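We did not get these values from a lab; they are worked out from the coordinates using the rules stated. Keep in mind that what you see is a predicted model, and the values were worked out from it rather than measured. Every residue, glycine as well, gets a Cβ built from its backbone with ideal geometry; the counts of neighbours run over all protein chains shown.
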Amino acid sequence: MKRGINIDHWNRKEHYLFFSQFEEPFFGVVISVNCTLAYQQAKSRNISFFLYYLYRAIKAANEVENFRYRIYENEVYVYDSTQASATVNRPNGTFGFSYIDYTTNENEFYESARVEMEKVRQVSGLRPAVSGESVIHFSAIPWLNFTSLSHARSFSFPDSSPKISFGKLTEQDQIKSMPVSIHVHHGLMDGYHVGLFADRFQELLNEK
């Protein structure tokens with residue numbers, strides 16, 4: 001479900017009108033998150049580490065309202081929830097897109113994600129998600145400990161979905177960390193909101 005936002009009474013009206021005129025209205029940052037406890041928890045519970053941190057990322061995003069804003073036909077909407085469209089690697093070196101519904105039930109999320117990922121692995125092609133605009137585009141690049149990242153973008157396509165990418169898990173002084181790239185539409189949020197997401201994501205990774 002979604003509801004429209006009356007931009008005339010929206011405190012982001014000027015920001016939205018200003019940045020929406022840009023050919024590239026997205027901005028991006030790379031942060032590093034501490035995954036020491038999260039990795040231990042995933043392994044002790046026999047859960048894929050990817051799914052473990054993916055769930056915490058989509059949960060954190062849903063808790064920050066700006067990550068649920070989307071632009072559709074030049075109107076701004078806020079969704080009740082945003083879903084995960086994650087890339088899935090295949091044994092032949094290609095990847096496909098998946099669509100995973102967000103649910104507050106963590107085990108249900110894992111189960112639906114496993115089913116969806118297996119479907120993607122069994123077919124060829126990109127298999128674009130048919131979920132419309134209410135997704136966050138997630139990708140994992142576990143081979144690279146990146147410090148910056150850019151995305152392929154079609155500027156003629158009216159895209160406003162956040163893009164979150166996860167890098168290589170590394171360890172130093174018994175601390176496991178991972179780079180996370182976050183690209184978002186500046187008309188819908190600022191660095192403050194990305195900071196809220198980053199803080200909440202780290203909190204969830206630190207939970208026992």
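Going by amide H atoms built from the backbone, whose H comes under 5 Å of the H on VAL33, apart from near neighbours?
For VAL33, whose amide H was placed from the backbone, the distant partners under 5 Å are MET178, VAL180.
Give me the extension gain from ILE7 to ASP173: residue separation times 0.36 nm, minus the current Cα-Cα distance, reported in nm with one decimal. Don't jump to the answer; show the numbers that get you there.
Values: separation 166, 0.36 × 166 = 59.76 nm, distance 4.91 nm.
My answer for the length gained is 54.9 nm.
Grab the DSSP H runs of the chain that are 4 residues or longer, score each as -39,500 (n - 2.57), total them, divide by all residues and round the 222 nm result to the nearest 500 deg cm²/dmol. Before the final figure, lay out each step's value.
On the way: 5 runs with 62 residues, N = 208.
Taking each H run of at least 4 residues, the total per residue is -9500 deg cm²/dmol.
Taking amide H positions as placed in the peptide plane 1.01 Å from N, state which residues far from ALA140 in sequence (5 or more) or on other chains have amide H under 5 Å from it.
THR87, PHE166
Roughly how many debye, to the nearest 20, is the charge dipole of segment 49-194 about its Cα centre, given +1 on each Lys and Arg Cβ, -1 on each Asp and Glu Cβ, and no other charges? Please list the in-between numbers first.
Numbers: 13 positive and 16 negative charges, 120 e Å.
Using Cβ point charges on Lys, Arg, Asp and Glu, segment 49-194 gives about 580 debye.
Would you mind checking the pairs LYS43/LYS163; LYS13/LYS176; LYS119/LYS176; LYS2/LYS208; LYS59/LYS119 and listing those with alpha carbons more than 29 angstrom apart?
Values: LYS43/LYS163 27 Å; LYS13/LYS176 41 Å; LYS119/LYS176 31 Å; LYS2/LYS208 33 Å; LYS59/LYS119 23 Å.
Flagged as over cut-off: LYS13/LYS176; LYS119/LYS176; LYS2/LYS208.
Kirkwood Rh, Cα Rg: Rg to Rh for the chain? List each step's numbers first, then the result.
On the way: Rg = 17.0 Å, Rh = 17.8 Å.
Rounded to two decimals, Rg/Rh equals 0.96.
Any chance you could tell me what percent of the C-alpha pair distances in segment 29-145 go past 23 Å? Please list the in-between numbers first.
Values: 2337 of 6786 pairs.
That fraction is 34 percent.
Please report ILE58, ILE136, ILE47 as a ranked list, fewest other C-beta atoms within 10 angstrom at the top and most at the bottom.
Listing ILE58, ILE136, ILE47 from fewest to most nearby Cβ atoms yields ILE47, ILE136, ILE58.
Taking amide H positions as placed 1.01 Å from N in the peptide plane, with prolines and chain starts having none, which residues 5 or more places from VAL135, or on another chain, fall under 5 Å of its amide H?
Under 5 Å from the amide H of VAL135 lie the amide H atoms of GLN83, each far enough along the sequence or on another chain.
Once phi is turned into θ = phi - 60°, what whole-Hz ³J(HN,Hα) does the Karplus curve with 6.51, -1.76 and 1.60 give for every residue of segment 156-173, x standing for Gly and Pro?
My calculation for segment 156-173 gives 7, 8, x, 9, 9, 7, x, 10, 10, 10, 10, x, 6, 7, 10, 9, 8, 6 Hz in order.
For the chain, which longest stretch is free of loop sites, where a loop site is one of the chymotrypsin sites (Phe, Trp or Tyr not before Pro) that DSSP puts outside H, G, I, E and B and that has at most 14 other Cβ atoms within 10 Å?
Values: sites that count: TRP10, PHE22, TRP143, PHE155.
Free of exposed loop sites, the longest segment is 23-142.
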